[in-house]
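These notes concern the structure reproduced below.
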Amino acid sequence: MTTRLMGGLIETRIDSLTFRRIAEIVYQKAGIVLDTRKEALVSARISKRMHRLGITRFRDYLRFLEESPESGEPVEMLNAISTNVTHFFREPRHFDQLARWLDQWRAGGHARFRFWCAGCSSGEEPYSMAMTVREHLPGTCDVRILATDLSTHALKTAREGIYTPEHMSKVSGELTSRYFSRHHTAAGFHYRVSPALARMITFARLNLAQTPYPMSGPFDVIFCRNVMIYFDNQVRARLLGECWRLLRPQGYLVVGHAESLSGHLSQFKSMAASIYTKP
Ligand SMILES: C[S@@+](CC[C@H](N)C(=O)[O-])C[C@H]1O[C@@H](n2cnc3c(N)ncnc32)[C@H](O)[C@@H]1O
């Protein structure tokens with residue numbers, strides 16, 4: 001099947017050989033597993049790249065990808081392949097739990113906190129963490145949030161910190177007025193994260209499939225939610241090994257609701273569904 005591109009015809013369905021090779025490259029570079037059920041999804045996402053590049057055939061795109069330097073098309077291809085679905089206060093139970101830990105630690109006299117949000121997508125998750133921190137700790141506390149992702153597009157959105165009213169639907173009016181400013185644009189209006197919130201977060205590109213990670217920790221809490229689902233057990237085990245190294249004793253690892261560490265020979269102790277501690 002084909003569609004028209006600037007006078008030429010662009011394929012819309014990938015042949016299985018090219019799909020297998022692209023899936024191999026995606027796995028080698030990012031640990032993301034793409035089985036044949038993902039063929040239609042990959043076709044659709046790669047054909048958008050082809051459109052931009054003026055390439056009409058999947059096998060020509062593959063050649064372009066293989067000949068491109070590491071910092072070129074491979075980065076764009078992973079941007080196109082990655083699923084960046086997220087929203088503010090997604091899985092709200094985790095933010096309630098974070099708030100309880102903050103209250104306990106504050107009562108215990110802690111004043112320095114380090115958090116890592118792994119697979120932060122377009123920023124809604126680390127900004128939700130930052131709002132929770134601001135609501136539960138005095139401004140005198142020393143707090144840093146490291147927020148990392150593979151996708152340079154998602155990170156650009158995250159750093160800009162600009163969201164539409166639809167994106168803001170899960171943020172209460174009170175938190176919106178405290179941590180966002182409203183701006184009018186030709187298309188309507190948008191919300192911009194306050195500098196105070198933005199200052200707490202460092203965004204960086206980090207590929208979770210490439211261990212060891214270039215940080216030394218220790219972190220009090222790691223949020224690594226809805227990312228492991230894309231990996232196989234080998235990549236998950238390496239990721240969990242690094243989370244173990246980077247978490248302080250009695251620190252917490254939070255994964256997505258649909259994810260679990262059961263079946264992994266991990267030393268983490270389960271505290272509640274999707275919440276683990278390093279004893
Ligand atoms: C579905 S989103 C989840 C976002 C957020 N954690 C949440 O729960 O709402 C998955 C994110 O993982 C990122 N990701 C996928 N593979 C990755 C890898 N190998 N290294 C780092 N991030 C990766 C994607 O770019 C995407 O932004």
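The values are calculated or read from the model by the stated rules, or taken from the named source; none is laboratory data. These numbers were taken from a predicted model, which means no experiment stands behind them. Virtual Cβ from ideal backbone geometry, glycine too; neighbours counted across all protein chains shown. To get the accessible areas, we keep the full protein, side chains included, count just its heavy atoms, and leave off ligands, DNA and RNA. Shrake-Rupley method; radii C 1.70, N 1.55, O 1.52, S 1.80 Å.
Here is how the numbers come out for the structure above:
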| read-out | value |
| --- | --- |
| The range 244-259, residues that are within 16 Å of the ligand (Cβ to nearest atom), open to solvent by less than 60 Å² (accessible area, probe 1.4 Å) and either closer than 16 Å to residue 230 by Cβ or not in a helix (DSSP H, G or I) (or both) | 252, 253, 254, 255, 256, 259 |
| Wholly within the range 19-98, helices (runs of 4 or more DSSP H) carrying at least 2 residues that are away from the ligand (no atom under 16 Å from the Cβ) and not charged (D, E, K, R) | 39-53, 58-67 |
| Residue satisfying all of: in the range 15-33; of a type outside the set (Phe, Trp, Tyr), touching a Lys or Arg at 6+ places or on another chain (Cβ under 9 Å) and open to solvent by less than 30 Å² (accessible area, probe 1.4 Å); farthest from residue 78 (Cα to Cα) among these | 18 |
| The range 70-88 residues that are farther than 19 Å from residue 163 by Cβ, paired with ones that are near the ligand (Cβ under 7 Å from one of its atoms) and part of a helix (DSSP H, G or I) (beta carbon under 6 Å, 6 or more apart) | 78/30 |
| Answer from 197, 239 - the residue that is among the aliphatic types (A, V, I, L, M) and within 16 Å of the ligand (Cβ to nearest atom) | 239 |
| In the range 131-158, residue nearest to the ligand (Cβ to nearest atom) [restricted to those that are open to solvent by less than 30 Å² (accessible area, probe 1.4 Å) and of a type in the set (Val, Ile, Thr)] | 148 |
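Table: residues versus (1) open to solvent by less than 30 Å² (accessible area, probe 1.4 Å); (2) within 30 Å of residue 230 (Cα to Cα).
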residue	(1), (2)
164	no, yes
167	no, yes
173	no, no
178	no, no
182	no, no
191	no, no
194	yes, no
203	yes, yes
213	yes, yes
